[in-house]
Amino acid sequence: MMLQTTPLHKWHGANGARFIEFANWSMPIQYGSGSIEEHRLVRRSAGLFDVSHMGQIMVRGNAAGEFLDRLITSDVSSLEDNQSIYGLLCRQDGGVIDDVFVYKLSGEWLVVVNAANAARDLAWFQTNLPAGGVELTDASPRFAMFALQGPRAIDVMDSLCGSEDTGNVGGVPRFSAVRATIAGAECTIGRTGYTGEDGVEIFAPAEHATAIWEAIFAEAGALDIACGPVGLAARDSLRFEPGFALYGHELTEEISPIQARLKWACNLEKDFIGAEALRLQAEQGVTTRLATVQLVERGVPRQGHTVISGGTEVGYVASGMYAPTIDAYCANVFVASALARIGTELEIEIRGNRKRALVVKRPLYKPAYR
Amino acid sequence: MTFDSNVKYQESHEWSRKDGDLIVVGISDYAQDSLGDVVYIEHPEVGSTKKKGDPFGVIESVKAASDVYMPVGGEIVEVNTELDDNPGKVNESPFGDGWLMKIRPSDPSDYGSLMSADAYQEYTKGLED
């Protein structure tokens, strides 16, 4: 099967990208400087990510808000125009179908979904569609999506597209969005991201993708702000340190938001698919839950490794890696709730060797904007 | 890409260099470049004896864990513990500070069967397609 490519594919190839297959897309995993340097660049200055593989579902109609409020765990109905919120799509039993970002724009809702789940999400939306008043469009092909992240990201954006009409991007509160023109093309820019740094996510018309992408680097260059492209490997380590979930790791259909410590993203007072199951879990407690550990010995924990306590298997690794900012080998694990407390000693079995690990406070890296 | 002509190579991308009676082993520039940033090295036990072709350790990069294989049979006499705090040296200096370990070969003729730099470069070209 032919892999899908983003409008920037050629640019990536010409600029030192290594590609991997991710959810049927060919995406850059890293560029020439390597993923650890890309990670550090985002923490100290700015990095630009092509995340055009992510799906966009547009929802319109007079019942759109009510519809999304029933499918998504968070307070979607409280959004004003140009605001956004993180939330989850759950099954009746509370298992997570996807984690999503919802923007309320004027007259329509934009739901940003994971590439691997896009088709399944759209099918789930269609299954739950009311008799009338809601119109769904898969808008993914229309958009290129970029993230500019890092302490200098807003400086670049303000210089690039700050205007009297839109106000500076720097004046936009976190989780709000503006319309602005970049390289002659109108874009939607949300003050959000997936790295623990300040920054934006940009929804750009696909046909202008390369011009917009290059305009961002040109602006950073003119301002003498270090800024480079960042691949999926650094995207993973940048999201891991501030404790953001990655679907397929910390979230699956077999894991509930309560287990994944995402109760904050669920309004259990409202009625949504899965609410009943999650209320019960919140009241009675869950038997297994997410914990973050730091290894005391050297070794790289990875997804699927076994977690051991007192000689017996008590859980598994959901994500694990060398965390560059922490300078330590760390993992997110699902273990018996009693073992998820800070300071608990656990062991992780890596190729037959048991490595000592300690449950630590989450997140490993406190987001810079908090 | 550097193909150091002072060392010999094998198809699994380790290089070997004669150092007196010992053989110093590392991974090639080609290998470190394909692996990406190295974050951990699992060393063999010093004093252990392994056959040519046996796995002697693991290199963990950001992307994956990869076994490394004995270029010659023999006893492991030293491992590069400098890499414990600086695994990135494998990327920065694969033929220098990024060496992995030293072997006292049990059969000195093993070394002769390894590839020259030119042969190895030809071999890697075949892997690109």
Original post:
Quick one: in region B:110-129, which of the residues that are open to solvent by 40 Å² or more (accessible area, probe 1.4 Å) and polar (S, T, N, Q) is modelled with the lowest pLDDT?
Top reply: B:Ser113
**OP:** Determine, yes or no, whether A:Gly47 is closer than 22 Å to A:Ala245 by Cβ, away from chain B (no Cβ under 14 Å) and not in a loop (DSSP other than H, G, I, E, B).
**Re:** yes
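Residues checked against (1) within 14 Å of chain B (Cβ to nearest Cβ); (2) on the phi < 0 side of the Ramachandran plot; (3) within 22 Å of the chain's Cα centre (by Cα):
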position: A:Gly274; (1), (2), (3): no, no, yes
position: A:Gln281; (1), (2), (3): no, yes, no
position: A:Gln284; (1), (2), (3): no, yes, no
position: A:Thr288; (1), (2), (3): no, yes, no
position: A:Thr292; (1), (2), (3): no, yes, yes
position: A:Thr306; (1), (2), (3): no, yes, no
position: A:Gly310; (1), (2), (3): no, no, no
position: A:Val314; (1), (2), (3): no, yes, no
position: A:Val317; (1), (2), (3): yes, yes, yes
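Please find, within region A:1-16, the residue that is surrounded by the fewest Cβ atoms within 10 Å (Cβ to Cβ) out of those that are part of a loop (DSSP other than H, G, I, E, B) and touching a residue at least 12 places away in the same chain (Cβ under 8 Å).
A:Met1
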Subject >> Residue under evaluation A:Val169, criteria (1) among the β-branched types (Val, Ile, Thr); (2) farther than 19 Å from A:Val51 by Cα; (3) touching a residue at least 40 places away in the same chain (Cβ under 8 Å), criterion not met >> reply: (3)
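With the condition being crowded, with 19+ Cβ neighbours inside 10 Å and within 14 Å of chain A (Cβ to nearest Cβ), I'd like the strands (runs of 3 or more DSSP E) fully within region B:1-109 carrying at least 1 qualifying residues.
On the way: elements: B:14-19, B:22-27, B:38-42, B:55-61, B:65-69, B:74-79, B:101-105.
Of the strands (runs of 3 or more DSSP E) lying wholly inside region B:1-109, those with at least 1 residues that are crowded, with 19+ Cβ neighbours inside 10 Å and within 14 Å of chain A (Cβ to nearest Cβ) span B:38-42, B:55-61, B:65-69, B:74-79.
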**OP:** Starting from residues that are open to solvent by less than 40 Å² (accessible area, probe 1.4 Å) and among the hydroxyl-bearing types (Ser, Thr, Tyr), keep the ones in region A:330-369 and report whichever is nearest to the chain's Cα centre (by Cα).
**Re:** A:Ser337
Original post:
So how many residues does region A:303-315 have that are open to solvent by less than 50 Å² (accessible area, probe 1.4 Å) and either within 18 Å of B:Val62 (Cα to Cα) or among the polar types (S, T, N, Q) (or both)?
Top reply: 3
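Scan A:Ala260, A:Ala318, A:Ala282, A:Ala275 and give me the residue that is surrounded by fewer than 19 Cβ atoms within 10 Å (Cβ to Cβ) and not β-branched (Val, Ile, Thr).
Going through A:Ala260, A:Ala318, A:Ala282, A:Ala275 in turn, just one is surrounded by fewer than 19 Cβ atoms within 10 Å (Cβ to Cβ) and not β-branched (Val, Ile, Thr): A:Ala282.
The values are calculated or read from the model by the stated rules, or taken from the named source; none is laboratory data. Please read these numbers as outputs of a predicted model, since none were measured by experiment. So basically every Cβ, Gly included, is an ideal-geometry build from the backbone, and we count neighbours across all protein chains shown. The area values use the complete protein model at the heavy-atom level, side chains included, leaving out ligands, DNA and RNA. Shrake-Rupley method; radii C 1.70, N 1.55, O 1.52, S 1.80 Å.
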